[in-house]
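Below: one structure in structure tokens.
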Amino acid sequence: MSKEGTDKENIVDGLQVAVGKLVRKESPDAPLADPSKTNGTSSTTVQMAANGHNKQHSPDDDVFPIADKMMDTSSRTERHPVVRCLGGNIITVATFAGVILGIALGLGLKSARPWTKREVMYVNFPGELFLNMLKCLILPLIVSSLIAAIGSLDTRLTGKIGIRAVAYYMITTVIAIILGIVLVMSIRPGVGGSLDESTGEKRESKPTLPEDTLMDLVRNMFPPNIMEACLKQYTTVLKRPKNYNDTDNATDLREWDISGRMEGSTNILGLVVFSVVLGITLGEMKAKGKPLLNVFVSLSDAIMKITKLVIWLSPVGVLFLVASKILEMKDLAAIAGKVGLYSVTVLGGILLHGFIILPLLYFALVRKNPYSFLLNMGQALATAFGTASSSATLPVTITCLEENNNIDPRVSRFCLPIGATINMDGTALYEAVAAIFISQVRGISLSIGSIIAISITATAASIGAAGIPQAGLVTMVMVLNVVGLPAEDVTLILVVDWILDRFRTTINVLGDAYGSAIVAHFSKNDLKELATAEEQPTEMTTL
């Protein structure tokens, strides 16, 4: 080799050493490649973390966020506090205004003249579109959020967070049921009152047994076809035998023929179980599972961006949803006279549980102001009241929890989809109160054993209730069967169920939010340990 070629190689090696030192000086954590081991050829240095995950860092990451925060801080200080407060909560204020205007619009239109069903449908149309937009986001959001959150956690930490979340959900559900039973046994809204079937609307009820409902709950946790679970869920059907005559005991449902069918309602519980298992599996696969995990992380982020756009429509959507429901109501005076005290009992229990008990539990465990947390969830609560669906409100709930209350996304996107499926404090309280109320109206005295049976059944029924409007009426039949009341008696309370459903959905969403915050508080040390483990010294690989 000529002397000129050797000099060029020395110059190239010297430049590599100089650039390496410069990079090392600017970023001390970056390892320096030894050019003497490259045999004069160009090399690419790849940093691989010990746990198999890539971690890239740019000096701009340290500079620009600080500048952005300084600019943001300076811009905030220039605005008046009231303007700053309204600016940060404009959607929440507008949504609550939509609820109030919807009630006013509905009452105003109702007092003007009678409205046909088609005209009510026209009024409901904008709200229906808004509700469909939210429902469209439910399926991809639940699956992607759970898989992304669980896959990014350590398996041990996933178990801890899951146990904490389920324990909170079970405890608050039991508290809600006990509160409802105490109130309905103390106020006794059904004693001395009388209801007839003309009070409520007629609705066909199918025969069912408590054990069948519970077994359907377990069956739906393990769907045979995950694609079919996106559209339908399994339901046991009881059919009266053809050879039965009037002398046979046709009321013994356990003697009826048994069959099953897939009905048109998304199997949320089965999708949650599948997503949890897949998330744990991807987390265990480390680097091999990272590409698929990144797909679900990107999908989750994309759905949240779409949610932020849909949220801007919530004031208008909620306004027309509420107004149309007001137009569907019958005579308010007649309703108040027949089921007014029952409604007051349910509302009293729901409000006491949601605005007293849950905040006290949050304050006792987290030691933070529960009502500032509650105000930050205002957008989600208003949306829950307007849509009467905790599942449809899920995208808004995640947004409020992460952006307004600064909850770790790994916790919120893990706990909230599960909570929207199994945590139904308001529904459990409502079903316990309704069952005892109907027994009081029918003059049936309940023993302690019957009340305990109602408590257990209401807990299981609330878990099985889908996060859709008035799903509690379906599981209400199971609770009535426990105390020997006919399923047709559920029609006695249908007339006020639409408004009570909105209040209990609001409390369901609030309970999910408080639960996620409590779980995040007790998991913050574990999350810090996980972050420290991910920042292990990197190993050099020269290609």
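The values are calculated or read from the model by the stated rules, or taken from the named source; none is laboratory data. Note that the structure is predicted; figures quoted are calculated from it, not measured. Please note: Cβ atoms are built from the backbone with ideal geometry, for glycine as well, and neighbour counts cover all protein chains shown. SASA here: full protein model, heavy atoms, side chains in, ligands and nucleic acids out. Shrake-Rupley method; radii C 1.70, N 1.55, O 1.52, S 1.80 Å.
Can you tell me which residues in segment 374-384 are within 19 Å of residue 326 (Cβ to Cβ) and either surrounded by fewer than 24 Cβ atoms within 10 Å (Cβ to Cβ) or within 14 Å of the chain's Cα centre (by Cα) (or both)?
From segment 374-384, those within 19 Å of residue 326 (Cβ to Cβ) are 382-384; that's our starting set.
Across segment 374-384, the qualifying residues are 383, 384.
Just checking, does segment 384-395 include any residue being free of Cβ contacts under 8 Å to residues at least 40 places away in the same chain, part of a helix (DSSP H, G or I) and under 18 Å from residue 91 (Cα atoms)?
No, because not a single residue in segment 384-395 is free of Cβ contacts under 8 Å to residues at least 40 places away in the same chain, part of a helix (DSSP H, G or I) and under 18 Å from residue 91 (Cα atoms).
Each row is one residue, and each column tells you yes or no for (1) at positive phi; (2) of a type in the set (Ser, Thr, Tyr); (3) at pLDDT 90 or above.
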position: 105; (1), (2), (3): no, no, yes
position: 108; (1), (2), (3): no, no, yes
position: 118; (1), (2), (3): no, no, yes
position: 123; (1), (2), (3): no, no, yes
position: 135; (1), (2), (3): no, no, no
position: 147; (1), (2), (3): no, no, yes
position: 155; (1), (2), (3): no, yes, no
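Conditions: (1) among the charged types (D, E, K, R); (2) farther than 15 Å from residue 304 by Cα; (3) in contact with a Pro (Cβ under 7 Å, 6 or more places away or on another chain). Residue 402 meets all but one. Number of the miss?
(2)
Quickly run through segment 445-459 and pick out the residues that are assigned to a helix (DSSP H, G or I) and either of a type in the set (Ser, Thr, Tyr) or more than 19 Å from residue 176 (Cβ to Cβ) (or both).
Scanning segment 445-459 gives 448, 449, 450, 455, 457, 459.
Residue-wise test of (1) among the polar types (S, T, N, Q); (2) at pLDDT 85 or above; (3) in a helix (DSSP H, G or I); (4) under 24 Å from residue 430 (Cα atoms).
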site: 174; (1), (2), (3), (4): no, yes, yes, yes
site: 190; (1), (2), (3), (4): no, no, no, yes
site: 205; (1), (2), (3), (4): yes, no, no, yes
site: 217; (1), (2), (3), (4): no, no, yes, yes
site: 228; (1), (2), (3), (4): no, yes, yes, no
site: 231; (1), (2), (3), (4): no, yes, no, no
site: 241; (1), (2), (3), (4): no, no, no, no
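Specify which of the listed residues (407, 398) is within 15 Å of the chain's Cα centre (by Cα), outside any helix (DSSP H, G or I), among the aliphatic types (A, V, I, L, M) and within 30 Å of residue 303 (Cβ to Cβ). Spell out how you get there, then give the answer.
Details: 398 fails: outside any helix (DSSP H, G or I).
Exactly one of 407, 398 is within 15 Å of the chain's Cα centre (by Cα), outside any helix (DSSP H, G or I), among the aliphatic types (A, V, I, L, M) and within 30 Å of residue 303 (Cβ to Cβ), namely 407.
Oh, and also: What single numbered condition from (1) at pLDDT 80 or above; (2) assigned to a loop (DSSP other than H, G, I, E, B) fails to hold for residue 421?
(2)
Can you go through 249, 294, 245 and tell me which one is polar (S, T, N, Q) and modelled with pLDDT of 90 or more?
Going through 249, 294, 245 in turn, just one is polar (S, T, N, Q) and modelled with pLDDT of 90 or more: 294.
Could you please give the count of residues in segment 357-380 that are part of a helix (DSSP H, G or I) and either more than 22 Å from residue 171 (Cα to Cα) or free of Cβ contacts under 8 Å to residues at least 12 places away in the same chain (or both)?
The total comes to 9.
Can you say whether residue 317 is at pLDDT 90 or above, at negative phi and in contact with an Asp or Glu (Cβ under 9 Å, 6 or more places away or on another chain), as far as the supplied structure shows?
Yes; evaluated as a whole, the condition is true for this residue.
Mind listing just one residue for me: the one in segment 424-444 that is aliphatic (A, V, I, L, M) and outside any helix (DSSP H, G or I) and, of those, most open to solvent (accessible area, probe 1.4 Å)?
444
For segment 284-299, enumerate the residues that are more than 14 Å from residue 146 (Cα to Cα) and not basic (Lys, Arg).
Within segment 284-299, 284, 285, 287, 289, 291 meet the criteria.
Exactly one condition in (1) modelled with pLDDT under 95; (2) open to solvent by less than 10 Å² (accessible area, probe 1.4 Å); (3) at negative phi; (4) not aromatic (Phe, Trp, Tyr) is false for residue 358; which is it?
(1)
Shifting gears a bit: Out of the residues in segment 274-289 that are within 12 Å of residue 153 (Cα to Cα) and not in a loop (DSSP other than H, G, I, E, B), state the one that is most open to solvent (accessible area, probe 1.4 Å).
Among those residues, the one meeting the criterion is 284.
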